Amino acid sequence: MSDKIKNLISDFDLSDEEQRSIVQRIYNLKEATINILVTGATGCGKSSTINAIFQSSKAKVGIGVDPETMNIQKYEFENLILWDSPGLGDGKEADTRHAKNIIAKLTEVDDQGHALVDVVLVILDGSTRDLGTSYELINSVIIPNLGPDKSRLLVAINQADQAMKGKGWDESNNCPTDRLESFLKNKVDSTKRRIKEATDVDVQPIYYCAGYSDEFEQAPPYNLGKLYSYILAKTPVHKRILFADKVSDDPQLWKDNDDLKDYAKEIKKSYLESIYAVFEGAKNGAVVGGGIGAKIAGPLGAKFGTAIGGVLGAGKALLEEIF
């Protein structure tokens, strides 16, 4: 057992057998992988979203007239794997081929026979009213092939700043005006209703802006913290802490969000729930109560800040301490 792990659990009132079980559980978690399938129509901003959250240039962003991704691309951030699907809307033959590839990925299983893909993120283009291709993707391709766990699906409307042809965006404060916000809420409600009517599946879409940066100008993200919070919430609880050292810890990327929730608090909660799950699993699934639970909540909970940047940074420090 490493000194770091010994120090981490030394204050817990555990038997030697319990400590060995916890150590094994932590190392098993390190070997786990998170798989996220990102899909949507051509030009919706899949690659820009990946690059914004993970502050990486691994996902090539399309800036020309042809689709950049013709096959499902795999981007690995150690044990976090992103599958960037081809964009739909490139013609019947291409869409049929892409749909088959997406279905194959959705129905793939891991070594334990569980669904390989943990989360499916469908990105809609908020700058257009023509979302027929996207609804076809969601209703006819993704939902019928999700299996019994439909909660893996997250629908997010990107390019919210262009939802009214660029009108109604407060550039100085990087947020929608009241008029645009009302328009976006209606778009969310409409999307939710159309999916429910077609599939009887309840989803709760969100809207955001991935932002962008090129040689001429830079636009900061909006509601990126909300999007990340939603992704975490849909990720299997024991895997959530693995995100901590994968996402950007630049607080400027996370600061502009709506005021519906404290997303920093939600992210902190998801991380702590993940840590609890590791220790619960080590104790054979027993519910964490006043004993070990209280001790975890103290020393580990204190490591997390209240700002999103602080949460992410502390998450990295925690992983470094454990591993």
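With N denoting the number of residues in segment 89-170, provide Rg(C-alpha) divided by 2.2 N^0.38 Å, to two decimal places. Show your work: numbers first, answer last.
On the way: Rg = 15.3 Å, N = 82, 2.2 N^0.38 = 11.7 Å.
Output field value: 1.30.
Any of K30/K187; K150/K226; K74/K268; K167/K265; K167/K234 with alpha carbons more than 30 Å apart? Name them for me. Intermediate values should be presented prior to the final figure.
On the way: K30/K187 40 Å; K150/K226 20 Å; K74/K268 28 Å; K167/K265 32 Å; K167/K234 33 Å.
In this structure, K30/K187; K167/K265; K167/K234 lie more than 30 Å apart at Cα.
I need the semi-axes of the equivalent ellipsoid of segment 126-185: take the C-alpha gyration tensor, multiply each eigenvalue by 5, square-root it, list largest first in whole angstrom.
Calculated on Cα positions only, the semi-axes equal 30, 13, 8 Å.
Determine, from the Cβ-Cβ distance of D110 and D130 and an R0 of 30 Å, the FRET efficiency 1/(1 + (r/R0)^6), rounded to the nearest 0.05.
The value I calculate is 0.25.
Counting Lys and Arg as +1 and Asp and Glu as -1, each charge on the Cβ, what is the dipole of segment 105-204 about the Cα centre in debye, to the nearest 20?
Computed about the Cα centre, the dipole is about 440 debye.
Since every read-out is calculated from the coordinates, none of them should be taken as a lab result. All of these numbers come straight from a predicted model, not from anything done at the bench. For neighbour counting, all protein chains shown are included, and Cβ atoms are generated from backbone atoms with ideal geometry for every residue, glycine included.
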